Amino acid sequence: MGENELAKKNAWLQMNKEEVEDAYKFNQGYLSFLTKVKTEREAVDFITAVAEQKGFINLDKIEKLKPGQKILISFKNKVCALLVIGRTPLTEGINLIASHIDSPRLDLKARPLYETDGLALFKTHYYGGIKKYQWVAMPLALHGVVVKEDGQVINVSMGEKDDDFVFTIADLLPHLAKDQMEKKMSEAVKGEDLNILIGSRPLQVEENSSVKSYIAQILKEKYNIEDDDFTSAELELVPAYAAREVGFDRSMIGAYGQDDRVSAYTSLQAILEVENPERTAVCLFVDKEEIGSTGNTGLQSLIIENILAELMHIAGEHDYFLLRKALTNTFALSADVNAAVDPTYPEVFEKMNCSFLGNGVVMTKYTGARGKSESNDANPEYLGRVRRLFANNKVIWQVGELGKVDIGGGGTVAQYMAAYGMEVVDCGVAVLGMHSPFEVVSKADVYMAYRAYKSFMQSFD
Ligand code: MN
Ligand code: MN
């Protein structure tokens, strides 16, 4: 891209002084959110706490729907939704934004703890699409829950405070890595090599000494976690470091888990500011996107349908056909990230149609692989209306196609929303190093995503 072309497209150059200041300010909140929130459960805790503070009321406590009402729904501690009731009936559809709050990571196996060569380790099973070699030789934190047989839930967050211990996966030294270095990158670090170093000091027990026993003792005494408890646990290893500003100009943010918590945070801030919308505004935060939106907390389940059914039940419009109409008449944004052009790897991008860091929020008509396989290919009639909305609300945006044709591919939750007949398009932030433990985004794009989502929920009709 030449300099003149850059000036036309770059969001920093199109924003005025106040907008630039506002963008930097907005991103301060985003930075602390990323440092604090690293799992789907923590996202639900954060979102529901903020929403309650801002006057959102749990759906269980709602007896009658009123325009302007702010409602909170949470499900299984891993999915939640915020709603602002509109003036038009639900059968005319809602304005829905869905983002996902799970990110690629390493999960502990059911029987994780073992000892070998004087060291104690945890076995893991990776979650989502990772490049395994990226997860070695870095500090890792352990987050999640352990559920005891009696139902007691133990919340775990280890490795986040400055003076906390952390965990790690040791990498092979270069001196002895001759064979490893000749392997394909996908095989250099294998799934079963992602073993977490958790202890090295043996405990003397009568005749025997064992590192594993000492770890087991610490787990029992300090955390009330016993060996069998790992069989009913959800424990996730994530990078232990904080989110940081990137670059001399502090124009970017680097952090773990921005796919897709950048959409979660921006749509959350947006709906907190939505007041008395014409159509009911809904922000949905879902789990399991990174493994195909499966399970009862993923968007292939009936979450959207169940939420609308419950609302319509409360509104007294409990009729199967009216529910179908509400779903079909809904407008949606699948709020998810796209790949930003990486200047070091230009060979995988087609620069006329791929998205760039700093050029505004990305509208992605289709994702998929090969011939758009598995893609929601958004309708142009809908895209035209979204364009008009963005133009009227000074949302700087760009198109984005995920890399060159036939070079790979990917998907989002859009197709599962489209199944209901609703209009939906992917709309989110461009990311460098997506799915890596340190993803990078532009503060300008984060700010534009917030503006896009707010205008969509407040005034799209
Ligand atoms: Mn995503
Ligand atoms: Mn992803």
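In segment 52-68, the count of residues that are buried (at least 20 other Cβ atoms within 10 Å of the Cβ) and free of Cβ contacts under 8 Å to residues at least 60 places away in the same chain is one or more. Pairs are defined by a Cβ separation below 7 Å, a sequence spacing of at least 6 or placement on different chains, a first member in segment 116-143 that is free of Cβ contacts under 8 Å to residues at least 60 places away in the same chain, and a second member that is among the acidic types (Asp, Glu); the pairs so defined are Val136/Asp171; Ala137/Asp171.
Residue check: is Lys372 of a type in the set (Lys, Arg), at pLDDT below 95 and in the same structural domain as Ser293 (by TED's automatic domain parsing)? Against the criterion (of a type in the set (Lys, Arg), at pLDDT below 95 and in the same structural domain as Ser293 (by TED's automatic domain parsing)), Lys372 qualifies.
Being surrounded by fewer than 20 Cβ atoms within 10 Å (Cβ to Cβ), hydrophobic (A, V, I, L, M, F, W, C) and within 25 Å of Ser103 (Cα to Cα) is a property that Val399 has. Residues that are within 16 Å of ligand 1 (Cβ to nearest atom) number at least 2 in the following strands (runs of 3 or more DSSP E) confined to segment 219-298: 281-286. For segment 406-422, give me each residue that is modelled with pLDDT of 95 or more, of a type outside the set (Ser, Thr, Tyr) and surrounded by fewer than 22 Cβ atoms within 10 Å (Cβ to Cβ). Matches in segment 406-422: Gln415, Ala418, Ala419, Gly421, Met422. Residues of segment 251-294 that are more than 18 Å from Met434 (Cβ to Cβ), in contact with a Lys or Arg (Cβ under 8 Å, 6 or more places away or on another chain) and within 16 Å of ligand 2 (Cβ to nearest atom): Asp287, Thr294. When the test is whether a residue is touching a strand residue (DSSP E or B) at 6+ places or on another chain (Cβ under 9 Å) and within 16 Å of ligand 2 (Cβ to nearest atom), Asp227 does not pass it. Within segment 63-109, can you find the residues that are farther than 19 Å from Arg324 by Cα, more than 16 Å from ligand 2 (Cβ to nearest atom) and small (Gly, Ala, Ser)? Passing the criteria: Gly68, Ser74, Ala81.
The values are calculated or read from the model by the stated rules, or taken from the named source; none is laboratory data. Owing to the predicted nature of the structure, the values given are computational and were not obtained by experimental measurement. Ideal geometry is used to build each Cβ from the backbone, glycine not excepted, and the neighbour counts take in all protein chains shown.
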